[in-house]
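Let me begin by presenting the structure, written as C-alpha cells, before commenting on it.
The numbers here are math on the coordinates, done by the rules we state, and not lab data. Everything quoted here is computed from the prediction, not taken from an experiment. For neighbour counting, all protein chains shown are included, and Cβ atoms are generated from backbone atoms with ideal geometry for every residue, glycine included.
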C-alpha cells in the first residue's frame, strides 16, 4: 500500500507527526510512506528512516498536485486539515483519513474561556487519525533524526561551554509567546550555569542584547549561527532545555531532554506541551484572559502582558544545576 502523509507546517507540528510515521511503518511494514511538506522543512523529514519518499511544495500548488497524481496513492493521511490539503485531496480522488483539529472546542476555549478541550496531546489526535488502520501508539515519543554533518562537537563551542551547558530557545513566532527582554535577563540570571541561546537569524539581535545586558555571565549567542538540525545537535548535548512554546521545544522533547517550558498567551491545555519527556511548565495560571489565542499575537490584546510579565521562576531557583569546576576557573559568575 502506498500512503501519502500531508503536513505543511510548522517545525513543531512536523516533529509531532513522527509517531504516526513510525507506528504506521513499523506496524504495517509493507506500506510505502511518502511525506509532503514545504521545502523549508526538508531537513526535518529527509533523514527519517520510516519515510520512503519526500515531496515538497516549492511554489506552485498545482505543480505539486501533478507530481502527486503520478504516484497513484492508495491512501492519504491528512495531518494538517486546511484549504491546501483539501484541494490536494480533491485532486487526487483517493481515500483519506483527516485529523480532527477540534477547532470549535478551541474557539470556545480561546473566545469564552470554556475549557472543553480533551485531556490529550495533539499527538494522540494525530494517532487517532490512523487508528482505523489498526495502528496504535507505541509509547516511544517523538523522533528527531540527524545526519552526521549536522552533529556539533563540543570542541567547536566556546571553552566555557565545553564541559556542559543549559540550552535556552529564545525564539517564538509571535511576541506573546516570548518572554520580554527584561524577563529573559531575569531568567538567565537564575540559571547558575553556562547557557547557549538558540533560535533563528531573526533572534540574533535579541540574543546579542541578552549577552550585553548580562555582562560576564557565561552566555553564548548561537542564534542564527547554526542550521535547524545543528541546533538540534546542541539541544541533544544540553543538560536541560528552557524553551518558549515553539518548535525547538518539541525537538528537545524528541531528544528526550528535560524541558522547562515557558507559556504566555497560549496554554498547555491546547495540547502542545512537551510529549513523553520530563518537563516543567512555567506559566501564570491565575489570569482570566488566558488563552487569548491558539497561536499567539504580535502584542497583548489587554496591553498588560501579565502572562509573561508576572511569571514566576520559582522552579528555576530549585533546579540546583551544577556549576562545573572547569568553568569556574575561566569566569567568576556574579552572585
In degrees from 0 to 90, rounded to the nearest 10, what is the angle of the helix 228-237 Cα long axis to the longest principal axis of the chain?
-> 60 degrees
Give, in nm to one decimal, the length gained when the segment between residue 62 and residue 306 is fully stretched (0.36 nm per residue of separation minus the Cα-Cα distance).
-> 83.3 nm
At what distance in nm do the modelled label points of residue 299 and residue 53 sit from each other, each positioned 7 Å from its Cα along Cα→Cβ?
-> 5.0 nm
So, in nm, how far is label residue 124 from label residue 162 when the simple model puts each one 7 Å beyond its Cα toward the Cβ?
-> 4.6 nm
Report, in degrees rounded to the nearest 10, the 0 to 90 angle that the Cα long axis of helix 103-112 makes with the longest principal axis of the chain.
-> 40 degrees
What's the center-to-center distance, using Cα atoms, between region 3-74 and region 93-120 in Å?
-> 23 Å
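How big is region 2-133 by the Kirkwood estimate over distinct Cα pairs, in Å? Intermediate values should be presented prior to the final figure.
Values: mean 1/r = 0.0649 Å⁻¹.
One over the average 1/r among Cα pairs gives 15.4 Å for region 2-133.
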Relative to the longest principal Cα axis of the chain, at what angle does helix 83-92 sit, 0 to 90 degrees, rounded to 10?
-> 30 degrees
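Per DSSP H run of n ≥ 4, the term is -39500 (n - 2.57); total these for the chain, divide by its residue number, and report the mean residue ellipticity at 222 nm rounded to 500 deg cm²/dmol. Walk me through the numbers on the way to the answer.
Details: 14 runs with 111 residues, N = 335.
Dividing the helical sum by the residues of the chain leaves -9000 deg cm²/dmol.
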Packing-ranked peptide list from 159-172, 213-226, highest mean Cβ count within 10 angstrom first, is 159-172, 213-226
Once you have a ≥ b ≥ c as the square roots of the Cα gyration tensor eigenvalues for region 89-221, tell me rounded if a/c is under 1.5, and otherwise prolate or oblate according to whether a/b is larger than b/c.
-> prolate
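Quick check: from the Cα gyration tensor, does region 251-321 come out rounded (a/c under 1.5), prolate or oblate? Could you put the intermediate results ahead of the total?
Numbers: a/c = 2.57, a/b = 1.46, b/c = 1.75.
Note, shape of region 251-321 comes out oblate.
Under the rule a/c < 1.5 gives rounded, and otherwise a/b versus b/c splits prolate from oblate, where does region 154-330 land using the Cα gyration tensor? Numbers along the way, then the final one.
Details: a/c = 1.64, a/b = 1.55, b/c = 1.06.
Prolate, because a/c is 1.5 or more and a/b exceeds b/c.
Just to verify a number: FRET efficiency for residue 91 and residue 27, C-beta to C-beta distance, R0 = 22 Å, to 0.05? Present the calculation step by step, with values, prior to reporting the outcome.
Values: r = 29 Å, r/R0 = 1.31.
My answer for the efficiency is 0.15.
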In nm, to one decimal, how far is the residue 190 label point from the residue 208 one, both placed 7 Å along Cα→Cβ?
-> 2.9 nm
Cα centroid separation - region 191-217 against region 240-297, whole Å | 20 Å
Calculate, in nm to one decimal, what residue 108 and residue 1 gain on full extension: separation in residues at 0.36 nm each, minus their alpha carbon distance.
-> 34.6 nm
